[in-house]
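We did not get these values from a lab; they are worked out from the coordinates using the rules stated. These figures come from a predicted structure and were not determined experimentally. Ideal geometry is used to build each Cβ from the backbone, glycine not excepted, and the neighbour counts take in all protein chains shown.
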Amino acid sequence: MSTATDQVAHAEGHEAEHHGLSDKQYIYVALILAVLTAIEVSTYYIDFGPFFMPTLFILMVVKFVTVVSYFMHLKFDNKLFTYLFYSGLLLAIAVYCGFLATFKFFIQKG
Amino acid sequence: MAETAISHGHDAGHGMHTSTGLSNNKLGMWMFLGSECLLFGGLISTYMLYKGRVNAGPQPDQIFDIPFTSVSSFILLMSSLTMVLAVSAAQRKDERNMNLWLVITALLGATFVGGQVYEFTAFYREGLGFTTSLFGSSFYTLTGFHGVHVSVGIIMLMALVGMNRNKRIPGDRAEVVEMIGLYWHFVDIIWIVIFTLVYLIPS
């Protein structure tokens, strides 16, 4: 008895198996990442002046989030995975910013 | 009956009968990766703290070979593409392409590790040993830990190819490939951070 529910079930299973992008779209994402890397490397050869550090930080964050969202499928997966990963990441950033600030402001000189 | 059928369809996609409705393996892997952020966060901040402490031996900007490291970084970035194509092939049950992309990913990873070994050798010859300065210790510890993670990833990829050929992968094969893919992409994103903070930003 091939009912409508069976077809829905099959379609849902099929959709769940192929969540994410198509192979062609993955290649486009990789090309964008390659271009961003090329811009990063160009900061070594070209003087970006006061934009040097902000450019590098922005590019780093964009590349990081792109890989996590598209290649690691966080954008398409359950939000719980996103919370798990980013809570670890934010905890790490907060703890080590505090750690570095401690050394910067409270270390004994001399 | 409809509920049963829809539930079956859902499980076919995620392969789990858990209280959260999510794969425990995947949940565990994301928790592990979140905790790995703390490990690498510690190593990166230690490096940031000590990169200017050079009492002996070369300074960071005297020995870093940016063009060489840029090529290595690009290779590792492209290995993320080949890994995601392997995951995509596994989800389509395209075994031939899955094995092909897994082997290519392992080869790209091996090229990256080879480049790192070459870089370490070159730095050592230029006078930067592990105990030469605090910069040297923190640099080798950070990039060495990352290199070990890449090497473990290569072993997992090759083991996966071998197990797949012998039909010994337990459970949902696409999910196993995805788990190893998550680990592989993680070492890539860590390198994105290391490449910027360690190599591109001068001391």
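Assorted remarks:
- Residue B:59-residue A:47 pseudo-label distance in nm [points 7 Å out on the Cα-to-Cβ vector]: 1.7 nm
- Diffusion of the protein assembly as shown by Stokes-Einstein, at 10 °C in a medium of 1.306 mPa s and with Rh set to the Kirkwood radius over alpha-carbon pairs, works out to 75 µm²/s.
- Between the stretch B:51-66 and the stretch A:33-110, the alpha-carbon center distance in angstrom: 23 Å
- Charge dipole (debye, nearest 20) of the stretch B:1-160; +1 at Cβ of Lys and Arg, -1 at Cβ of Asp and Glu: 100 debye
- For the stretch B:49-155, GluC sites (Glu not before Pro) are listed when DSSP marks them as loop and at most 12 other Cβ atoms sit within 10 Å of their Cβ; the list is B:126.
- Dimensionless Rg ratio for chain B, taking C-alpha atoms and the 2.2 N^0.38 Å reference: 1.22
- Cα long-axis angle, helix B:173-194 against chain B (0 to 90 degrees, to the nearest 10): 20 degrees
- Estimated inter-spin distance, residue A:94 and residue B:68, nm [label 7 Å along Cα→Cβ]: 4.1 nm
- The smallest convex shape that holds all Cα atoms of the stretch B:58-109, its convex hull, gives 61 Å³ per residue.
- Comparing Cα centroids, the stretch B:139-164 and the stretch B:170-194 end up 11 angstrom apart.
- For q = 0.12 Å⁻¹, Debye-computed log10 I/I(0) when each Cα of the stretch B:89-203 counts as one equal scatterer: -0.52
- Cα gyration tensor, the stretch A:21-76 - rounded (a/c under 1.5), prolate or oblate: oblate
- Charge context of residue B:186, other residues only, Cβ under 15 angstrom, K/R +1, D/E -1: -2
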